[in-house]
Each structure stands twice: as C-alpha cells, then as structure tokens.
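The values are calculated or read from the model by the stated rules, or taken from the named source; none is laboratory data. Remember, it's a predicted structure, so these values are computed and weren't measured experimentally. Because the Cβ atoms are built from the backbone with ideal geometry, glycine has one as well, and the counts that use them run over all protein chains shown.
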Amino acid sequence: MNADRVSKSRARNRKEARLSVGIVLLHRFTLCAFANFVDVLRLAADEGDRSRPIQCRWSVIAAEMKPIAASCGVYLHPQEVFGDPSQFDYIVVVGGLIDETESADRKLEAFLRQAADNGVPLVGLCTGTFTLHRAGLMEGYLGCVSWFHHRDFLSQFEGLQPVSDQIFVVDRDRLTCSGGAGTAHLAAFLVDRHIGKAQATKSLNIMMIGGAEDAAAPQPGLTLGFETKDPLVRRALLLMQQRLDTPVSMGDIAQHLNTGKRRLERHFIESIGRSPFVAFMEMRLQLARHMLEKSDKTIASIAVECGFCDSSHLSRMFRRHFGHNPRDVRPIL
C-alpha cells in the first residue's frame, strides 16, 4: 500500500473512532507522561485489554520520521509526519526535560498554530505546556505546570502565573497537565467525555491507578513537613510553597482556591492542627533552617529568599520557633 493510500486509510479509521489523538513527542520527552496517557486510550479502545484501536485511535506524529529520544534514553519512532491536524480530535504535546523547552522548533510551532487555526484543541503534558506558551498559543488561557517546574516557568515567561496546585486544567480548547500519573487522569477525562465513564474507569482500574481524579485534585508535591489528605489544605500548602519568598495574605490564598477565609482556616485547624498563617510561617522557617544547614549563603540572603524583612526578623522568628539562633545550626567547618 503506498503512502497516500495509507494516509487515506488512517484518516477514514480516525473518523470512525469516537476519539482520535495525534501525539507529538518533544526531544527528551518524559516516558511516564506519554505511557500513562496513551495506555488509558489503549485500554478504553477495545474490550478487556486486547488493545485494538477501535473506539480510540492515536498516532505519534513528527516533522520527520526519525527516532525521538525519551529522557530515560529509550527511542520511539513516529508513525507519520505532520499532515492535516483536523484529522484528529486533539493534538497532544508531551514535554520532558526543562532544558529542552527553551529552544523553539519552527516546524512544530507552525503545525500547532495550524491546528489552533483549524479549531483542534491542544493538549500540553508535563513541560509541553511551555511549548504551547512559547508558540503563542496560550494567550488568555490558564495553563497547568508541575509544582516542580513552577519557578522555571516564571523565569521563562515573565509576568505569567501558571496553575501549579492541581493536576490538570481544562480551559476551553486548551488542556494542560502537570505530568506523571496526572496524564492518566487527563486521558480518562477525555475518554469519559467522548466514549463514556465506564471505559475511563476500566482503563484506570486495569492500570491500578484507582478512581478518576477531578482536574482540581492537588498535585502530590512537597509540602515541607506537613502531611494531610484534605485536598483543600494540600492545594493551599502547595500555593504557599510557591510563594515562600513573597508572603501573601490568607485572603489571597482563599480567593485563589475559590473558598472563604474562614472555611480555609477551619480546614487547616481540623487537618493539621494550626492556622494557615502559622503553617505558612513554619514552612518558611523550615526552608530557612534547611538553607542554613546545606548552603553557605549569608543569613541576610536566606532571610530575603524565605520572605523575611531582614536577618533580624528571621533571627527573631527562628528563636521563637526553634529555641536557638540561626547561627547555631550552621555546620562547624
């Protein structure tokens, strides 16, 4: 069968499927993000785990038919080159290592703009969201990135504030995800939307991931010593973690989470036994202690990085919480 006939056959099969996805893998992409996403589609596409692409169809597409390296060193071959993006219901960009997001790929960006012009929804997984931003395709849209890459995003896109406290964001025809296991939940969301909840649930259960998570589910990030199963408190702690150098009011945190200040305080007291303000202060002090023990930065610079007015302010709060001065925890050389 020649290339033209293969292309026409694929296009016909995609129209027959209830969900069709074109997947773009960036250089040094994260294999976990890709595998979790595509396996949900695979398991939803057929009965059991027979893997026939009947209800869902997907294809790895690229500018040229060359192997693409994952961050772990595994190589994947594209199935076809960029063509008409409107053959797909979604175009998915799978990112990976943060250093690989800084260089523009003109062929990819042109293809993504063509997809956007044709009304094809765009999906960014992991640092794929960075690529959509760099191509100018996230203007006026909310975008989700991992808490781990929050500061990287701020450094690359000055003046923009990403969503880093939930696993994925659906904003009209832009869908973005923090990566990892979250990509399975975003794929399940698409399966639920186009095929049905039963198929989405089946996929996640076979993958032993458990029930589908809503987009607003908190990312499983570090919360500097606080453990809680309360999703509202977890999201608030993640927001606080991203703003340790610039303290914000609890009213601002509550507003960002679309809840009331009193409700937020009640959840904190019930979940971790302290108010949001006290928890925020403890997080900043724990970070300051870590930096004092592990770095050679001055106490004054650590104070600024942890959101204190100056070294005197840090020392006063440090003594009140830990019972000794910041200098006392510095390693003896």
Practice problem: Filter segment 157-178 for residues that are of a type outside the set (D, E, K, R) and either at pLDDT 90 or above or outside the structural domain of residue 96 (by TED's automatic domain parsing) (or both) and give the result. | Solution: 168, 169, 170, 175, 176, 177
Quiz prompt | Unique match (being assigned by TED's automatic domain parsing to the domain that holds residue 32, out of contact with any helix residue (DSSP H, G or I) (no Cβ under 9 Å at 6 or more places or on another chain) and surrounded by 15 or more Cβ atoms within 10 Å (Cβ to Cβ)) among 154, 137 | solution = 154
Quiz item: Taking segment 144-199 as the region of interest, how many residues are under 25 Å from residue 71 (Cβ atoms), in a strand (DSSP E or B) and either more than 13 Å from the chain's Cα centre (by Cα) or among the charged types (D, E, K, R) (or both)?
Solution: 1
Quiz item: Residues in segment 25-59 that are assigned to a strand (DSSP E or B), under 22 Å from the mean Cα position of the chain (by Cα) and farther than 16 Å from residue 131 by Cβ: how many?
Solution: 1
Quiz item: Taking segment 142-198, which residues are farther than 12 Å from residue 123 by Cα and of a type in the set (Phe, Trp, Tyr)?
Solution: 147, 148, 153, 157, 189
Quiz item: residue 293: acidic (Asp, Glu), assigned by TED's automatic domain parsing to the domain that holds residue 243 and touching a residue at least 24 places away in the same chain (Cβ under 8 Å), yes or no?
Solution: yes
Practice problem: Output the residue which, of all residues in segment 248-274 that are touching a residue at least 24 places away in the same chain (Cβ under 8 Å) and touching a Phe, Trp or Tyr at 6+ places or on another chain (Cβ under 7 Å), is nearest to residue 307 (Cα to Cα). | Solution: 250
Exercise. Could you check residue 259 against (1) at pLDDT below 90; (2) in a loop (DSSP other than H, G, I, E, B) and say which number it fails?
Key: (1)
Practice problem: Report yes if residue 285 is closer than 26 Å to residue 150 by Cα, touching a residue at least 60 places away in the same chain (Cβ under 8 Å) and assigned to a helix (DSSP H, G or I), otherwise no. | Solution: no
Quiz item: For segment 300-320, does any single residue satisfy the condition of being basic (Lys, Arg), without any contact (Cβ under 8 Å) to a residue 24 or more places away in the chain, surrounded by fewer than 19 Cβ atoms within 10 Å (Cβ to Cβ) and in contact with a Pro (Cβ under 9 Å, 6 or more places away or on another chain)?
Solution: yes
Self-check item: Identity of the residue in segment 20-75, among the basic types (Lys, Arg) and more than 17 Å from residue 91 (Cα to Cα), that ends up modelled with the lowest pLDDT
Solution: 50
Quiz item: Quick check: is even one residue across segment 85-102 assigned by TED's automatic domain parsing to the domain that holds residue 19, free of Cβ contacts under 8 Å to residues at least 60 places away in the same chain, among the polar types (S, T, N, Q) and part of a strand (DSSP E or B)?
Solution: no
Quiz item: Is it fair to say residue 120 is over 23 Å from residue 74 (Cα atoms), crowded, with 21+ Cβ neighbours inside 10 Å and touching a Phe, Trp or Tyr at 6+ places or on another chain (Cβ under 9 Å)?
Solution: no
